[in-house]
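K.L.:
Right, I'll just put the structure down here and ask away after.
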Amino acid sequence: MKLNKNINNIQNKDILQGLSKDEVDKRIKEGNYNKAIDSVSKTTQQIIIDNVFTFFNLLNLVLAILIIIVKSYENALFMGIVISNTVIGIIQEVRAKKTIDKLSLVSASKAKVIRESKEVEVNTEDIVLDDIIKFSSGDEISVDSIVLQGSVEVNESLLTGEVDEILKQEGDTLLSGSFIVSGTCYAKADKVGEHSYASKITKEVKKRKKVNSEIMKSLDKIIKYIAIIIVPIGLILFLKQMYVLNYGFKKSIVSTVAAIIGMIPEGLYLLTSISLAVSVIRLGRKKILVQELHCIETLARVDMICLDKTGTITEGKMEVREIIILDDKYNDENINKIIGAMTHTLDDENSTFNSLRRYFKENPNWEYNNKVPFSSERKWSGVSFKEKGSFVIGAPEFILNEKYISIKNKVEEYSSKGYRVLLLSKYNKDLANDKLDDDIEKIALIIIEDKIREDVEKTFEFFEKQGVKIKVISGDNPVTVSEIAKTAGVKNADKYVDASTLNNKNDINIAVDRYTVFGRVKPEQKREIINSLKAKGHTVAMTGDGVNDVLALKDSDCSIAMASGSDAARRTS
């Protein structure tokens, strides 16, 4: 449990106080806590049942009973192999379960709640009814809640299939299973555990997403054919040896059993499970949590991997490198105050915005009328300050639109060196909504650097040797992404496209064949790129760490999330 005594931006005293320890204990005793209805791994009992009660074991047991009936005990030794395989399978799966459970404990989703006037970080399973929870950009909503203060944009696509971002304000309900796209709010836990919306859906829809496993499909076919032919063939063999060859009852049974044993692929299912379980254990030792056993096979079949740039190719540790003033009316001091006021007013939580917070530390305490948090869809955020005016910061081409041409060369000069470029602008109107018109004044360009990971070149060399193709999909400027991808050693990284020019699915279908790097990609476009690649026959893996990656992670054959990423990305993968 992690404590933080400094609770900012809370105005309501009831929210500031939260629940007391006695109130929390009382709710836990009453069962009003966020108890998970699903376990990441199977229980020990389930593992034993799954390994003992198999079709193969049943066939072998029937044959062993026949051998015992004729008292030819020495010919029942084949059951030793069956028992050994079953025991080995149970041991290996239990070991894999222990590995998964340990990693699950370490990587468990956290939530920030207010208790006894302190901000406390707890596991989501420890949230109780009426807890005051702080939700920020990237957080998965773990319990049904009612917004008490603040406003957030929420994506409920994992529940409803609709990808539109929904604005939630005071009094609105946040449904468990959705995730915060932008903004920060304080909400009261309204329904927890099995009473939450996501839990009810899980209960009603017990089918999980079908596992795309060629091995399991092949084994199922073998079992089907064996089940159809083994009984009549066994009967024919017995009758032939009993009445045609006159072997007698005992010898006929023994010979028939011996012949049938050779037809059964002993322990094939078990050996498959064992190999997958061993793979899970080996990955677990490298601090990788496998949430679906058969994704090991899917991972082995991957021939196309789609990577996000920030936090995957790069370290995700952004640093402000330079400020380029575009308007002589402003100087470094003005800009420091403007951005300082914005970073202390906005609740955006991402690596870029945090780099601005570290660099522009001054807080002039300006009062504001309205604020628009950052989202991957619009790619900018802004604040309307009282008496000071409105200011916007974000991707230059999305803020300026047609006027972007005036600074395009300057932006691409830095983008071509692998830097991220933000534009600070003054908007001569109040930010009443998330739409901007042409009444904008350019103030300065903020140049931000993100370092490439040290071992990334070796990783891409490995992928190339294994015949795995790479696509880099990012919300950044395509020139920046291309330059970083080239430096990192991605083959054909000079083939890039601005996804904002791809207007429909047909454009995307053509682009996935032509280009390696995709820049200015919106979340829904990431999903369409993944589905386009799958439709072309590729087995696609997707790596990501942010809420903007969730839709693509969900639709990929094998989704991989960074442990340092958002709750939504980790839970989806």
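The values are calculated or read from the model by the stated rules, or taken from the named source; none is laboratory data. Keep in mind that this is a model prediction, so the values were computed, not measured. No Cβ is skipped: glycine too gets one built from the backbone with ideal geometry, and neighbour counts run over all protein chains shown.
K.L.:
Of all residues in segment 499-543, which are at pLDDT below 90, in contact with a strand residue (DSSP E or B) (Cβ under 6 Å, 6 or more places away or on another chain) and of a type outside the set (A, V, I, L, M, F, W, C)?
P.N.:
Passing the criteria: 519, 520, 526, 543.
K.L.:
Please verify whether segment 372-380 includes one or more residues that are among the basic types (Lys, Arg), in a loop (DSSP other than H, G, I, E, B), modelled with pLDDT under 90 and surrounded by fewer than 16 Cβ atoms within 10 Å (Cβ to Cβ).
P.N.:
Checked against the condition, which is being among the basic types (Lys, Arg), in a loop (DSSP other than H, G, I, E, B), modelled with pLDDT under 90 and surrounded by fewer than 16 Cβ atoms within 10 Å (Cβ to Cβ), segment 372-380 yields no hits at all.
K.L.:
Let me ask something additional. Out of everything in segment 484-500 that is within 14 Å of residue 473 (Cβ to Cβ) and among the hydroxyl-bearing types (Ser, Thr, Tyr), what residue ends up being surrounded by the fewest Cβ atoms within 10 Å (Cβ to Cβ)? Walk me through it before giving the result.
P.N.:
As a first pass, look at segment 484-500 and keep what is within 14 Å of residue 473 (Cβ to Cβ): 484-485, 490, 493, 495-500.
Subsequent filtering for residues that are among the hydroxyl-bearing types (Ser, Thr, Tyr) retains 496, 500.
Working: 496: 23, 500: 16.
Only one residue fits best here, namely 500.
K.L.:
Considering only segment 133-151, state which residues are surrounded by 23 or more Cβ atoms within 10 Å (Cβ to Cβ), at pLDDT below 85 and in a strand (DSSP E or B).
P.N.:
140
K.L.:
In segment 240-257, which residues are over 15 Å from residue 67 (Cα atoms), exposed (fewer than 13 other Cβ atoms within 10 Å of the Cβ) and not polar (S, T, N, Q)?
P.N.:
243, 244, 245
K.L.:
OK, next. Taking residue 484, is it in the same structural domain as residue 501 (by TED's automatic domain parsing) and in contact with a Cys (Cβ under 6 Å, 6 or more places away or on another chain)?
P.N.:
no
K.L.:
Still on this structure, please answer the following. Just the residues that are assigned to a helix (DSSP H, G or I), surrounded by 12 or more Cβ atoms within 10 Å (Cβ to Cβ) and modelled with pLDDT of 85 or more, please, taken from segment 64-93.
P.N.:
If the condition is that a residue be assigned to a helix (DSSP H, G or I), surrounded by 12 or more Cβ atoms within 10 Å (Cβ to Cβ) and modelled with pLDDT of 85 or more, then 64, 66, 67, 68 are the ones that fit.
K.L.:
Same structure again: Considering only segment 292-361, give the helices (runs of 4 or more DSSP H) lying wholly within it that have at least 2 residues that are closer than 18 Å to residue 453 by Cα.
P.N.:
Values: elements: 295-301, 332-345, 351-359.
So the answer is 351-359.
K.L.:
Got a number for residues in segment 434-446 being touching a residue at least 24 places away in the same chain (Cβ under 8 Å) and out of contact with any Pro (no Cβ under 8 Å at 6 or more places or on another chain)?
P.N.:
Qualifying residue count for the region: 9.
Residue-by-condition table, conditions (1) aromatic (Phe, Trp, Tyr); (2) in a loop (DSSP other than H, G, I, E, B); (3) without any contact (Cβ under 8 Å) to a residue 24 or more places away in the chain:
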| residue | (1), (2), (3) |
| --- | --- |
| 387 | no, yes, yes |
| 390 | no, no, no |
| 397 | no, no, no |
| 411 | no, no, no |
| 421 | no, no, no |
| 432 | no, yes, no |
| 448 | no, no, no |
| 454 | no, yes, yes |
| 458 | no, no, yes |
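K.L.:
Can you tell me which residue in segment 254-278 is farthest from residue 541 (Cα to Cα), limited to those that are of a type outside the set (A, V, I, L, M, F, W, C) and modelled with pLDDT of 80 or more?
P.N.:
255
K.L.:
Report, by residue number, each residue of segment 229-258 that is without any contact (Cβ under 8 Å) to a residue 24 or more places away in the chain and small (Gly, Ala, Ser).
P.N.:
Scanning segment 229-258 gives 248, 252, 255.
K.L.:
Look at residue 105 and say whether it is at negative phi, out of contact with any Gly (no Cβ under 8 Å at 6 or more places or on another chain), at pLDDT below 75 and surrounded by fewer than 12 Cβ atoms within 10 Å (Cβ to Cβ). Lay out the reasoning, then the answer.
P.N.:
Working: at negative phi: yes; out of contact with any Gly (no Cβ under 8 Å at 6 or more places or on another chain): yes; at pLDDT below 75: yes; surrounded by fewer than 12 Cβ atoms within 10 Å (Cβ to Cβ): yes.
Yes.
K.L.:
Confirm whether residue 481 is at negative phi, at pLDDT 90 or above, crowded, with 24+ Cβ neighbours inside 10 Å and among the aliphatic types (A, V, I, L, M). Write out each step before concluding.
P.N.:
Values: at negative phi: yes; at pLDDT 90 or above: no; crowded, with 24+ Cβ neighbours inside 10 Å: yes; among the aliphatic types (A, V, I, L, M): yes.
No, not satisfied.
K.L.:
Out of segment 449-472, which residues are at pLDDT 90 or above and surrounded by 20 or more Cβ atoms within 10 Å (Cβ to Cβ)?
P.N.:
Across segment 449-472, the qualifying residues are 470, 471, 472.
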